[in-house]
Every structure is written in C-alpha cells, then in structure tokens.
Amino acid sequence: MSRSPAMDTLRDLSSALWTIRSNQEAARVLRTTNSLLRCFLFFDICYLISGIALITMALTNQLDHRDRMIMFGGLFGVFASVSALVNSLASHGIRTWRRNFLLPWLAFFLVVLGVVGGKAHRG
C-alpha cells in the first residue's frame, strides 16, 4: 500500500504551518511575559520610592504617628526589594529558559496572595 505524493506534500505543509503557528504563539507569550515583568519592576520602583518618602517624612516632620510611618516605610522598602529580586530572577529565567528561576517568583506571590486574601477575609 503506497501513499500518494500529494498526500505526503499536504501533510508536510500542514506540519510546517503548525510549527510556524506554535513558534509565533511562543514568541507572543514570551513578549507578554517580559512586558508583565517590566510592569512589576516599575511598581517595585514606585513602592521603593514610597517607602523612602514615608521614612523621610517621618524623620523630618514632627508627626503623631512617626513610629508607624517609619515601620510602614521600612515594610514598603523590604517588599519592593524582595519583589524586585524575584522579578529579576524570573526575567532571567524567562530569557535563559531556566524554569528554576521562576520558583522564587511563584513562592513570593503565593505568599502575597495569601496575606492579602487572609486580610480581606478577616475584614
């Protein structure tokens, strides 16, 4: 039983088109992921600036809640630093195709979602 050459050509063409589509889809996912990580990095920088501003305001002004402002400024700074670190690791993992670098990002944002969900649940 022999196959027709037209059928083989059609199968090869279909395979080539499927490969091109898969490559385009992977490239689009990669671009979207990099854009999302850059957006997160922008917010990390904003959080860091906010933390520094809170600490600076607390140290230069005579305010009633000085200790709380310093504490929250420090928390913003620590959150921004850790978030920037895990976002940078994730970005490196995406660029080099090493999935192990994504694990800190997943763990960190799982903890963040747990904390936010726990606070929202308690009201």
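Does any residue of segment 25-35 turn out to be open to solvent by 90 Å² or more (accessible area, probe 1.4 Å) and at pLDDT below 90?
yes
Can you name every residue in segment 63-110 that is under 13 Å from LEU41 (Cα atoms) and touching a residue at least 24 places away in the same chain (Cβ under 8 Å)?
Listed by number, the residues that qualify are PHE79, ALA80, SER81, VAL82, SER83, ALA84, ASN87, SER88, ALA90, SER91.
Identify the single condition in (1) at pLDDT 80 or above; (2) more than 21 Å from LEU113 (Cα to Cα); (3) open to solvent by 80 Å² or more (accessible area, probe 1.4 Å); (4) of a type outside the set (D, E, K, R) that LEU13 does not satisfy, given that it satisfies every other one.
It is condition (1) that LEU13 fails.
Go through the residues of segment 57-80 one by one and say whether even a single one is assigned to a helix (DSSP H, G or I), within 30 Å of ALA27 (Cα to Cα) and not aromatic (Phe, Trp, Tyr).
Yes, some residue in segment 57-80 is assigned to a helix (DSSP H, G or I), within 30 Å of ALA27 (Cα to Cα) and not aromatic (Phe, Trp, Tyr).
Suppose we filter ALA120, ALA80, ALA84 for residues that are open to solvent by 70 Å² or more (accessible area, probe 1.4 Å), within 28 Å of LEU54 (Cα to Cα) and of a type in the set (A, V, I, L, M, F, W, C); which single one remains?
One residue alone meets the criteria, ALA120.
Between LEU89, LEU113, LEU102, which is touching a Gly at 6+ places or on another chain (Cβ under 8 Å) and modelled with pLDDT under 95?
Working: LEU89 fails: touching a Gly at 6+ places or on another chain (Cβ under 8 Å); LEU113 fails: touching a Gly at 6+ places or on another chain (Cβ under 8 Å).
Result of the check over LEU89, LEU113, LEU102: LEU102.
Take segment 36-53 and flag every residue that is open to solvent by less than 60 Å² (accessible area, probe 1.4 Å) and free of Cβ contacts under 8 Å to residues at least 40 places away in the same chain.
Within segment 36-53, CYS39, CYS46, SER50, GLY51, ALA53 qualify.
The values are calculated or read from the model by the stated rules, or taken from the named source; none is laboratory data. Quick caveat: nothing in here was measured; it's all calculated off a predicted structure. Cβ atoms come from the backbone with ideal geometry, glycine included; neighbour counts cover every protein chain shown. Just so you know, the surface numbers come from the protein's heavy atoms only, side chains and all, with ligands and any DNA or RNA stripped out. Shrake-Rupley method; radii C 1.70, N 1.55, O 1.52, S 1.80 Å.
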